[in-house]
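**Student:** Here's a structure for you.
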Amino acid sequence: MYQRLPGKERIREFLLRCDREAAEEVRRGGCPRCSGRLHQADYPRKPRGDDTNPDPVFRLSFCCGVEGCRKRATPRSLRFFGRKVYLGLTFVIAGVLGQGGSGVGAGQLQKLIGVSRRTLRRWRRWWTTLFVESRFWQAARGRFQTPIVAADLPGQLLDRFPGNAHDRVIALLRFLSPLTTSSLPESPAL
């Protein structure tokens with residue numbers, strides 16, 4: 001599906017720009033352990049869900065320059081969803097389309113984004129159990145006036161953000177971005 005989105009290049013560039021802004025904020029803050037200077041230490045990723053991009057893709061990251069510390073500081077990301085191999089956008093869209101009642105069956109979803117049924121089941125389980133039980137969700141769910149039903153995640157969550165489909169997906173990726181890293185102190189454990 002991501003391959004078929006109009007303006008895909010613009011979406012990719014926008015997400016990269018958001019990641020760069022988050023990275024600059026982390027770099028300015030210094031090492032989370034010793035406040036030392038951070039040096040660029042991006043690492044390559046081979047994300048699935050964007051097979052049309054021939055360019056190397058890097059996860060923005062830093063490493064402390066203080067000898068003896070060398071702690072890594074990886075900023076939040078809108079492009080990558082933690083250690084998952086698929087792009088965050090693919091993960092979220094598949095979660096929404098894979099919900100019951102969305103009109104998209106597993107076979108059709110498999111063809112749209114190239115994800116196996118097993119992976120789709122694992123993602124569905126993540127949304128309805130691991131995510132719901134996470135400290136992040138336990139703290140964040142109170143932000144929503146009307147309770148969100150676990151079986152309706154991530155669709156109901158997406159519906160809570162204003163704007164057109166593009167704006168809502170970006171808002172959801174921003175909302176979930178604390179889950180994309182574990183190297184910063186404010187990052188919640190899942």
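The values are calculated or read from the model by the stated rules, or taken from the named source; none is laboratory data. Keep in mind it's a predicted model, so treat the numbers as computed, not measured. Every residue, glycine as well, gets a Cβ built from its backbone with ideal geometry; the counts of neighbours run over all protein chains shown.
**Student:** Here's a check for you: in segment 148-165, which residue that is surrounded by 16 or more Cβ atoms within 10 Å (Cβ to Cβ) and hydrophobic (A, V, I, L, M, F, W, C) is farthest from Ser182 (Cα to Cα)?
**Tutor:** Ile148
**Student:** Now for a different question. Out of segment 126-157, which residues are assigned to a helix (DSSP H, G or I), more than 17 Å from Arg83 (Cα to Cα) and among the aliphatic types (A, V, I, L, M)?
**Tutor:** Correct list: Val132, Ala139, Ala140, Ala150, Ala151, Leu157.
**Student:** Against the conditions (1) farther than 30 Å from Arg33 by Cα; (2) out of contact with any Gly (no Cβ under 8 Å at 6 or more places or on another chain); (3) surrounded by 15 or more Cβ atoms within 10 Å (Cβ to Cβ); (4) at pLDDT below 90, where does Gln145 fall short? Just the number, please.
**Tutor:** (3)
**Student:** Has segment 107-125 got any residue that is part of a helix (DSSP H, G or I), closer than 27 Å to Lys46 by Cβ, modelled with pLDDT of 90 or more and aliphatic (A, V, I, L, M)?
**Tutor:** no
This table checks each residue for (1) hydroxyl-bearing (Ser, Thr, Tyr); (2) under 26 Å from Phe131 (Cα atoms); (3) touching a helix residue (DSSP H, G or I) at 6+ places or on another chain (Cβ under 7 Å); (4) modelled with pLDDT of 95 or more.
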position	(1), (2), (3), (4)
Gly7	no, no, no, no
Arg10	no, no, no, no
Gln40	no, no, no, yes
Lys46	no, yes, no, no
Cys64	no, no, no, yes
Lys71	no, no, no, no
Lys84	no, yes, yes, no
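**Student:** Would you check if Leu78 is touching a Lys or Arg at 6+ places or on another chain (Cβ under 8 Å), under 30 Å from Arg28 (Cα atoms) and in a helix (DSSP H, G or I)?
**Tutor:** It is false that Leu78 is touching a Lys or Arg at 6+ places or on another chain (Cβ under 8 Å), under 30 Å from Arg28 (Cα atoms) and in a helix (DSSP H, G or I).
**Student:** Somewhere in segment 170-177, is a residue under 18 Å from Arg79 (Cα atoms), touching a helix residue (DSSP H, G or I) at 6+ places or on another chain (Cβ under 9 Å) and among the hydroxyl-bearing types (Ser, Thr, Tyr)?
**Tutor:** Yes - at least one qualifying residue is present in segment 170-177.
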